[in-house]
Amino acid sequence: MDPFDSTETLGYDKSEKGAENIATRLPWARFSSWLECVCVVTFDLELGQAIELVYPHDVKLTEKEKTSICYLSFPDSYSGCLGDTQFSFRVRQSVGQKGSWFREEDAYNRDAPGTLQREQAHYYGYVYFRQVKDGSVKRGYFQKSLVLVSRLPYVNLFQSLLKLIAPEYFEKLEPCLEAVCNEIDQWPAPAPGQTLNLPVMGVVMQVRIPSKHDKPGGSPLKQTQKENLLPAPLVLSTVHELDLFKCFQSVLIHIQMLWELMLLGEPLVVMAPSPTVSSETVLALVSSISPLRYCCDHRPYFTIHDSEFKEYTSKTQAPPNVILGVTNPFFIKTFQHWPHVLRLGEPKMSGDLPKQVKVKKLAKLKSLDTKPGVYTAYKTFLHKDKALIKRLLKGIQRKRPSEVQSAILRRHLLELTQSFIIPLERYLASLMPLQKSVTPWKTPPQIRPFSQEEFMATLDHAGPQLTSVLKGDWIGLYRRFFRSPNFDGWYRLRQREMTQKLECLHLEVICEADLLEWIKDKSEVEIVDLVLKLREKLMKARRQQLPLKDDVLEKLERYIQTVIGSLPEDLQAVLRRH
């Protein structure tokens, strides 16, 4: 058996630190760690929606990307948005386009929570649209959007930034935008776990970038008490969280159903009265299964001009695993064959409680004036949590602030997701080989394969009932979850982490071993083979940024040099050259 042979591990590709340092000195390097670019979209009488400006000027967007950004940056004509409107969209990056060239991307993704990873194949667009009467314009209206394009799902940070810069931009135009972009290019890169001061237009925004090491549901304020920072005038409590209570106020009694639909990655269309309601509802739905990452496609705002329109509305195949947020009533007919449609109206109060929509049969989803409701035949696996509804209702009666209601709702959804995931995590941990079975002279033992039936057998004594009071068919929910893209995404990530952990254990055990004793009775061929295998492990560990104990890699490097030193001079020269 080859003593240092091991199975190939999956991991993040990582450039060497020298290359990273060069990258941070490149033009717009810091800017690009936050944003891809800033676009200005205007209405041209001859062209329709058109990009007036992209900044920085050297950013290369494809024609397809420009067209998508144009159409997604204006509210649908049916929305009738006068004044200022803010919303978000998410668009597929063109095939063949390179990912962000910012070199610390992998370092960020390694430490960020799964739900806040930098996107590899999509852009987020954060829009500030202004439509006001203007007699000097032929159509009688000034219509323009300022759009921040980013790979980061920081909806709260970027919408807060737009509130500061967009009104100023509409008054002062390009010089103002250039100044803002230069200021962003001075910001430190987003570093998970750090509290950052971000100056822009005379205001300092203070934000904490979440880390995967944060305690779920913990208070960011408590976690930053030790950090010695100057007081900042504008403190954002979160970079990404929305007002969940506001987003879900008309569907509170169906929160259990919506959580299950998200967990299972079911196709869902959200029909809303405006792009703001559409995009916030879709993003709130995606966040409802946090800390589990939603692994399906989601479009906070989707129009008939979208390049995926035909793909997503085809009636010749089953609807894809995607959530679409739309505002055009035309979509009611288009999506009649979809299994789940959430039709939202303008928020209306019914007594103390926002008017709750009803579950309705899909057959009723026909006319353009379809009433608000959840159009589905879906039957939930778990029973409703009536105590939660009562608590939120009591909060409305007592005029409890929306952020407190949101915190209650977020805590409930977090505990629900954790109750579902903890048994899976516990079972997965049991698939890892015992630490004592990892020895330096053998290939590391294999991680046992995931067995659905074996997992199901653990639920009687270690299931969700240990942490959740909710009754229902948990086993049925797990069986359906195993067929969803969310299970596949979760399992692949965990498998990669476990494989890397095993590789770390093997490297640490090798460093504790007496290599010189082992090579005493070995041939030159075996010793050269050992050197090559150790070098390969060393390179792989550096490339994948394995979470090793301090000085393991340095120790391994010294061992390699010591072993090379035991060989004849001609072999030493060859090995040191290559």
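The values are calculated or read from the model by the stated rules, or taken from the named source; none is laboratory data. Everything numeric in this text was worked out from a predicted model, so none of it was measured. Counting neighbours? That spans all protein chains shown, and the Cβs are built from the backbone with ideal geometry, glycine included. Just the protein is used for accessible areas: all its heavy atoms, side chains included, with ligands, DNA and RNA removed. Shrake-Rupley method; radii C 1.70, N 1.55, O 1.52, S 1.80 Å.
This table checks each residue for (1) touching a Lys or Arg at 6+ places or on another chain (Cβ under 8 Å); (2) under 30 Å from ALA513 (Cα atoms); (3) loosely packed, with under 11 Cβ neighbours inside 10 Å; (4) not hydrophobic (A, V, I, L, M, F, W, C).
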site	(1), (2), (3), (4)
ARG411	no, no, no, yes
ILE422	no, no, no, no
LEU431	yes, yes, no, no
LYS436	no, yes, yes, yes
TRP441	no, yes, no, no
ARG448	no, yes, no, yes
LEU459	no, no, no, no
GLY463	no, no, no, yes
Selection count where residues are surrounded by fewer than 16 Cβ atoms within 10 Å (Cβ to Cβ) and under 13 Å from HIS506 (Cα atoms), scope region 534-554: 2
Qualifying residues in region 542-557 (those that are more than 25 Å from the chain's Cα centre (by Cα) and assigned to a helix (DSSP H, G or I)) - the one nearest to ASP106 (Cα to Cα): ARG542
Condition met for SER314 (open to solvent by less than 70 Å² (accessible area, probe 1.4 Å), within 25 Å of the chain's Cα centre (by Cα) and modelled with pLDDT under 85): no
Condition met for VAL91 (surrounded by 20 or more Cβ atoms within 10 Å (Cβ to Cβ) and modelled with pLDDT of 95 or more): no
Unmet criterion (only one of (1) open to solvent by less than 40 Å² (accessible area, probe 1.4 Å); (2) touching a residue at least 60 places away in the same chain (Cβ under 8 Å); (3) assigned to a helix (DSSP H, G or I)) for ARG496: (1)
Number of the exception - TYR491 against (1) at pLDDT 85 or above; (2) farther than 27 Å from SER437 by Cβ: (2)
Qualifying residues in region 224-260 (those that are polar (S, T, N, Q) and in contact with a strand residue (DSSP E or B) (Cβ under 7 Å, 6 or more places away or on another chain)) - the one modelled with the lowest pLDDT: THR224
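Looking only at region 503-519, decide whether some residue is outside any loop (DSSP other than H, G, I, E, B), exposed (fewer than 15 other Cβ atoms within 10 Å of the Cβ) and under 30 Å from the mean Cα position of the chain (by Cα).
no
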